[in-house]
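Shown next, in structure tokens, is the structure this report addresses.
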Number of protein chains: 2
Amino acid sequence: MKARVALLGFGTVGQSVARLLIERHAETLELTHVYNRDVARKQVPWVPAGVIWTGAIEEVLSARVDIVVELIGGLDPAREYVTRALESGASVVTANKQLIARHGAELMALSRRHGGHLRFEGSVAGGIPVLRAIEDGLSADRLVRVAGVVNGTSTYILSRMEEGATFVDALADARELGFAEADPSDDLTGRDAAAKIAILCATALERTICPTHITCRSIESIEPVDLRYARELDCTIRQVAWAEAGEASEPVVAAVRPALVSRQSPLSRVAGSQNVVTVQGEFGGETAFFGKGAGGDATAVAVVSDLLAIVGTSDGTGAGPRVRPGAGTGVGPGARRAFRRAPSRVSADYSAPHYVRFTVADRPGIIARVAEAFAKQDISINAVLQHPGMPADRLPFVMTLERCSETRLDAAMTDIARFDFHVQTPVVLPIFEGAL
Amino acid sequence: MKARVALLGFGTVGQSVARLLIERHAETLELTHVYNRDVARKQVPWVPAGVIWTGAIEEVLSARVDIVVELIGGLDPAREYVTRALESGASVVTANKQLIARHGAELMALSRRHGGHLRFEGSVAGGIPVLRAIEDGLSADRLVRVAGVVNGTSTYILSRMEEGATFVDALADARELGFAEADPSDDLTGRDAAAKIAILCATALERTICPTHITCRSIESIEPVDLRYARELDCTIRQVAWAEAGEASEPVVAAVRPALVSRQSPLSRVAGSQNVVTVQGEFGGETAFFGKGAGGDATAVAVVSDLLAIVGTSDGTGAGPRVRPGAGTGVGPGARRAFRRAPSRVSADYSAPHYVRFTVADRPGIIARVAEAFAKQDISINAVLQHPGMPADRLPFVMTLERCSETRLDAAMTDIARFDFHVQTPVVLPIFEGAL
């Protein structure tokens, strides 16, 4: 007996999922329903005749399918549909990062209570099977840190700026190529990456954190001059999201920041729409996963692999997709489990070396005053960089700082902000040096 | 009830496995036996008092443990012990690449027949959970190609040569640092990598091939001048193992070669003892996995994660480790399965651009004669490189060739070998340009 699968949402990913199901997995998985608003305009001839096309969600939710695939996106009405599907005892596969980051714990509890599975590989890093690898493949290790470059729009823009483009031109190109959405603010500000790192944190560190508590800084402050200085430091600039956890009583340290990443770090080795996720284990050291972070086909592989995982854990024959009660994530007790623990507090008080770029109306004594403010916070200066030939009334120069906490750095920067030589707000970037 | 685990072999990996079991997984997994030859000299105080130390394999095999962890290495007697453990209905976890590459199909069939599991994540790429990610995380995709830089000794030597060391010095350093074994010939010739690519091929492409049928070329022919030419071509040199599969009726194309790899390729981005494995999927594109390829702790994570996977698939409660019959790999019907199909033939007739370095006693007309031999085989020359200031009686020069099959190239090289201007056998390397 095949598992009956309903698809909610027939956009790019939904169409790729349908195609993958029909072309390669028809023996195990039967597509029974496609739900979409205005479904008539979505209908395609290559879907088998028996599939029910509907714009009425009730028709799907009352059909007692085995697995509901949610690809609508956003919180509303996706949350309601997923909740109702799980309450009916169905399993759910979703690629909805906001939904899982915000409501993963609640939905996971619901899936356990009603005996369904909830899986969400497609919600993070598209086609890279990173959640599965962390859950199962690294289950024996204690993971202490997870980091990633997981927003393709930001990576595309910063790669283009590396080649000399301005921010505005790079964003325009990203829009034209379909990398950036009409409103790219979640990509640029880091809110998109915050949702993804919250899911990675829940899976790798087994700590549930609210994505809205993760502080983000936008990449919009980055200028071509920063990429030039970065190159001088054998680095590039990427939007990095990361989370670190120590004792259970301590808050999770998590943040999203444009950051200098050393050319030696795997975080520097992505361009275009590629994603990279690295995890640091107490025993296994650093492991990195690279691949396509977006795109219908890559995400569809993640979604359908989740479907196969659910069918696979049913009864070992593939016959009975209504799975053993309480299985939850679809994996056994050996595996790492996301969204099981009570929510953790989030702190952004990480410690790192930093890059600070000042833009000033030049006059004698500026470096001395800035250096004094850093010294007051016990922050050591590593280097001062200044390219020749810049205008004196709008002079950019860079200081790199030894490892210090963001809190102390913020205090120093608050002091420094009071000086009247600034032409522009200073740009502060942590530096990631870690080599794989 | 905990799963009872016996450890065969208490070397570096065995000790790390024991420590990980005791420190982190004592609630699920109980170490009951440690078998080693001359066991008395191996005994350590940090293992719980109840563990039986023995040099008598019969004592372990008759103890009816749930899972036997084989870390003895080599074919004999490991094959016999694993066979007998599986025949007794126990599950087996092994990190033994030669055993799995050579006898994976036979042992997998045995595990199915007797209701145990057989898992071997630690046999390839140490701490990188690449088999699990391929089996489960990419299960929905059709994978067409798997490639890797999976021999740490070769990578170490070639990285050192990049920095200017000679082969002999780099090998001596590798030995001193413990990267290279007393007899490193399996590492240098590619036999070690051939075993690993055979396992990756079985898992990713679901094609069983005999590792002894994979042709290898040694890295011993590489000289510092090749790394200098490689850099000029924006490449480096790595020992690359790969396998590609098309139709089931066609042979698998597989080989191990020192190769030029473009700086854009993930295969170039490993140094020291790191490993990288990339897979190419029809839907998901290229995904790459990086991490520690060796070392006791990293491999122990793979081994213990396999143990947890077996316990996890038992009955969902973690209680009964004697698992459901026929589960085989420990995963459900959705997952990709290694070593299920009848053996496939292996061909090395791949097609690639090539690098050929000649070392000649210089005189007019050499390039013309070489070019003519290539033209006869319909092979196009892309570029000719020759560094100035080389001795005329021992002149190295390089030709890069457009994509051609190895068979045609071999024919041309056989022709060219007949010329009397060679001072040294030409060095032929395929070029991998693929970007992630």
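Points to keep in mind about this one:
- Working note: Cα atoms of the protein assembly as shown, range along each principal axis, descending, whole Å: 76, 70, 67.
- Chain A: most fluctuating residue of A:R113, A:R357, A:R79 per GNM, C-alpha cutoff 10 Å: A:R113
- Shielding of B:290-296 by partner chains, average beta-carbon count, 10 Å: 5
- Distances between equivalent label points of A:W46 across the copies, with each point positioned 7 Å along Cα→Cβ, amount to 5.6 nm, shortest listed first.
- Taking every alpha-carbon pair under 8 Å whose residues sit at least 6 apart, the stretch A:96-161 reaches a relative contact order of 23 percent.
- Rg to Rh, two decimals, where the stretch A:241-294 supplies the alpha carbon set and Rh follows Kirkwood: 1.01
- Calculated FRET efficiency, A:E87 to B:A375, Cβ-Cβ distance, R0 = 56 Å: about 0.20 to the nearest 0.05.
- Radius 13 Å from Cβ of A:P77, net charge of other residues (Lys, Arg +1; Asp, Glu -1): -1
- Pairwise Cα separations in chain B fall into 20 Å bins from 0 onward with the following percentages, short to long: 25, 51, 20, 4, 0.
- Here the Gaussian network model covers chain B, with springs between Cα atoms less than 10 Å apart; of B:P388, B:P426, B:P48, B:P388 fluctuates the most.
- When the Cα atoms of the stretch A:49-185 are aligned to their principal axes, the ranges along those axes come out at 55, 44, 29 Å in descending order.
- Neighbourhood net charge (10 Å Cβ-Cβ; Lys/Arg +1, Asp/Glu -1) for B:P353: -1
- Innermost chain A residue relative to the axis carrying A onto B, by Cβ distance in angstrom: A:A133, 2
- In sequence order, the stretch B:405-410 has phi-based couplings of 7, 5, 4, 5, 5, 4 Hz under the Karplus curve 6.51 cos²θ - 1.76 cosθ + 1.60, θ = phi - 60°, and Gly or Pro positions carry x.
- FRET efficiency for the pair B:A392 and A:M390, taken as 1/(1 + (r/R0)^6) with r the Cβ-Cβ distance and R0 = 51 Å, rounds to 0.50.
- The convex hull defined by the C-alpha atoms of the stretch B:1-95 has an orientation-averaged projected area of 5.7 nm².
- For the residues of A:301-312, the average number of beta carbons from a partner chain within 10 Å of their own beta carbon is 6.
- Kirkwood Rh, Cα atoms: Rg over Rh of the stretch B:337-396: 1.25
- Over all projection directions, the Cα-based convex hull of the stretch A:368-421 averages an area of 3.9 nm².
- GNM result for chain B, Cα springs below 10 Å: residue of B:E232, B:E162, B:E406 fluctuating most strongly: B:E232
- Our helix-only sum for chain B, with -39,500 (n - 2.57) per DSSP H run of n ≥ 4 divided by its residues, gives a mean residue ellipticity at 222 nm of -9000 deg cm²/dmol.
- Tail weight of P(r) past 15 Å, computed on alpha-carbon pairs of the stretch A:152-216, percent: 55
- Across the identical copies, the label point of B:V225 (7 Å from Cα in the Cβ direction) is separated from its matches by 4.9 nm, in order from shortest.
- Based on C-alpha pairs under 8 angstrom that are at least 6 apart in sequence, chain B has a relative contact order of 18 percent.
- Pairs exceeding 31 Å between alpha-carbon atoms, taken from A:K292/B:K292; A:K292/B:K2; B:K196/B:K376; A:K2/A:K42; B:K2/B:K97: A:K292/B:K2; B:K196/B:K376.
- Cα centroid separation - the stretch A:248-305 against the stretch B:345-396, whole Å: 42
- Amide hydrogen proximity for B:F432: with H placed 1.01 Å from N in the peptide plane, the residues at 5 or more positions away or on another chain lying under 5 Å are B:L260, B:V261, B:S262.
- The calculated FRET efficiency for A:A248 paired with A:T407, based on their beta-carbon distance and R0 = 25 Å, is about 0.65.
- The relative contact order of the stretch B:350-436 comes to 50 percent, based on Cα pairs under 8 Å that sit 6 or more residues apart.
- Farthest toward the positive end of the dipole of the stretch A:117-244, out of A:I209, A:G122, A:W242, is the Cα of A:I209, where the dipole comes from beta carbon charges about the Cα centre.
- In this assembly of identical copies, the label point of A:R337 (Cα plus 7 Å along Cα-to-Cβ) is separated from its counterparts by 2.9 nm, sorted shortest first.
- Summarising the overall dimensions of the stretch A:336-436 from its C-alpha atoms, the Rg and Dmax are 16.9, 58 angstrom.
- Near B:G127: Cβ cut-off under 13 Å, other residues only, Lys/Arg at +1 and Asp/Glu at -1. The net charge is -4.
- Shielding of B:25-31 by partner chains, average beta-carbon count, 10 Å: 1
- Taking max minus min of the alpha-carbon positions on each principal axis, the stretch A:107-217 gives extents of 50, 29, 27 Å, largest first.
Any read-out appearing in this document is the output of simple, stated calculations on the displayed coordinates, not a laboratory observation. Computed from a predicted structure; not experimentally measured. Here the Cβ is made from the backbone with ideal geometry for all residues, glycine too, and neighbour counts use every protein chain on show.
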